[in-house]
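These notes are about the structure you will find just below.
The values are calculated or read from the model by the stated rules, or taken from the named source; none is laboratory data. Model, not experiment: these values are computed from the prediction. Ideal geometry is used to build each Cβ from the backbone, glycine not excepted, and the neighbour counts take in all protein chains shown.
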Amino acid sequence: MIKKFFLIAVVFLVYTCSSSSDDSPEQEKKDSFDREAVLVNIADNIIIPSLEDLSQKLVSLKVDKDAFVATPDQTNLDALRNSWLSAYKVWQYVEMFNIGKAEEILYSFQMNIYPVSVDDVEANIDSGSYDLTHVNNNDAVGFPTVDYLLYGIAADDAAILVKYEDVKYLNYLSDVINQMDSLTDEVLNDWNTSYRATFISSTSNTASSAYNKLVNDFIFYYEKGLRANKIGTPAGNFSADPLPDRVEAFYNNEVSKTLTLEALTAAEDFFNGKAYASSSTGESYATHLKSLDNSALQALINNQFSGARQKINELENSFSNQINTDNTKMTQAYDALQLNVVSLKVDMLQAFNVSVDYVDADGD
């Protein structure tokens with residue numbers, strides 16, 4: 001009887017320990033690596049500088065927008081388009097950081113949801129009354145909406161300029177760009193005031209720590225924002241047929257490859273701790289793997305980044321054209337990107353003792 005009672009007590013003790021919160025000290029799995037050094041490098045050399053550059057690019061976009069609103073001619077339209085693309089390229093380095101204020105205000109949802117809803121945009125313009133921050137307008141704001149307004153509202157440039165004789169189109173273009181600038185300033189200001197200190201101190205190996213949330217955000221972006229949204233969805237990997245109208249920057253139709261390559265470089269640089277717009281590197285997920293005697297995985301991940309870049313470089317500048325002429329190359333690029341999903345999401349997270357905090361629902 002005593003042995004039976006002892007056995008029950010042991011089982012109960014094991015159960016209660018294993019059922020403790022994921023964020024409890026008992027459940028925290030530690031290694032000797034300096035996680036704070038990674039977060040400092042990410043904050044000071046990657047996130048904040050990329051946000052600062054995006055903010056500057058959006059200021060330029062506003063200046064060119066104001067000039068176009070004042071004088072909607074071909075010269076000012078061309079300048080506005082150039083500023084839009086410059087800012088869109090920098091956005092590729094910012095989009096993955098869905099943490100802090102960006103997560104709170106749904107920053108990425110208001111900056112880069114595509115395809116744009118033409119019906120919603122035109123309804124907003126027609127009414128002249130709209131709340132651009134409302135969730136129902138997430139597909140009627142941001143870079144994709146500016147893409148439509150600069151390239152897609154009519155068949156050619158002459159007809160586009162005629163459209164802008166209607167002040168409602170000028171007002172909507174102005175409001176969308178102003179919102180993009182305001183949202184970016186809000187996120188950047190939060191990093192430059194209170195959030196940086198909170199971020200770099202949140203190093204524990206728990207589900208709610210900045211370190212674990214950010215590594216999950218990075219992998220989620222790579223898997224969904226880059227692999228699926230830019231390549232897989234338009235190529236038809238998740239549908240019965242290809243969807244060439246789902247590419248990024250569909251209305252410009254010449255820069256989807258450019259934006260994808262920027263996004264891939266951003267992901268690779270982030271993994272390796274490479275400073276934004278610089279050749280210097282610091283502590284990173286790559287150095288964390290090395291500290292765990294897992295240099296082989298670190299090298300494999302970088303080799304697979306290179307393999308994906310090679311396949312993307314083989315594509316046409318217009319992904320829509322590529323899909324319509326030879327979609328096999330698109331699916332091959334998707335397959336090359338997919339290799340690193342396994343390495344990052346399974347192998348790297350296992351090495352870090354970090355759990356996946358999101359649900360994969362695209363059937364891959």
Number of positions in region 306-320 that are out of contact with any Ser or Thr (no Cβ under 9 Å at 6 or more places or on another chain) and assigned to a helix (DSSP H, G or I): 6
Looking at region 312-323, can you tell me whether even one residue there is farther than 18 Å from Arg246 by Cα and either touching a Cys at 6+ places or on another chain (Cβ under 9 Å) or not acidic (Asp, Glu) (or both)? yes
Does Asn294 fit the bill of being closer than 14 Å to Leu344 by Cβ, in contact (Cβ under 8 Å) with a residue 12 or more places away in the chain and touching a strand residue (DSSP E or B) at 6+ places or on another chain (Cβ under 7 Å)? no
With respect to Glu254, determine if the residue is closer than 26 Å to Trp84 by Cβ, part of a loop (DSSP other than H, G, I, E, B), out of contact with any strand residue (DSSP E or B) (no Cβ under 9 Å at 6 or more places or on another chain) and of a type in the set (D, E, K, R). yes
Of the residues in region 222-254, those that are closer than 24 Å to Asp156 by Cβ and under 17 Å from the mean Cα position of the chain (by Cα) come to Arg246, Val247, Glu248, Ala249
Looking at region 271-279, can you tell me whether even one residue there is surrounded by fewer than 20 Cβ atoms within 10 Å (Cβ to Cβ), touching a residue at least 60 places away in the same chain (Cβ under 8 Å) and among the aliphatic types (A, V, I, L, M)? yes
Just one of the numbered conditions (1) out of contact with any Cys (no Cβ under 8 Å at 6 or more places or on another chain); (2) modelled with pLDDT under 95; (3) closer than 26 Å to Asn294 by Cβ is not true of Leu39; which one? (2)
Hey, can you tell me all the residues within region 269-302 that are polar (S, T, N, Q) and not in a loop (DSSP other than H, G, I, E, B)? Asn272, Thr281, Thr287, Ser291, Ser295, Gln298, Asn302
Which count do you get for residues in region 321-362 that are assigned to a loop (DSSP other than H, G, I, E, B) and either over 20 Å from the mean Cα position of the chain (by Cα) or under 14 Å from Thr233 (Cα atoms) (or both)? 5
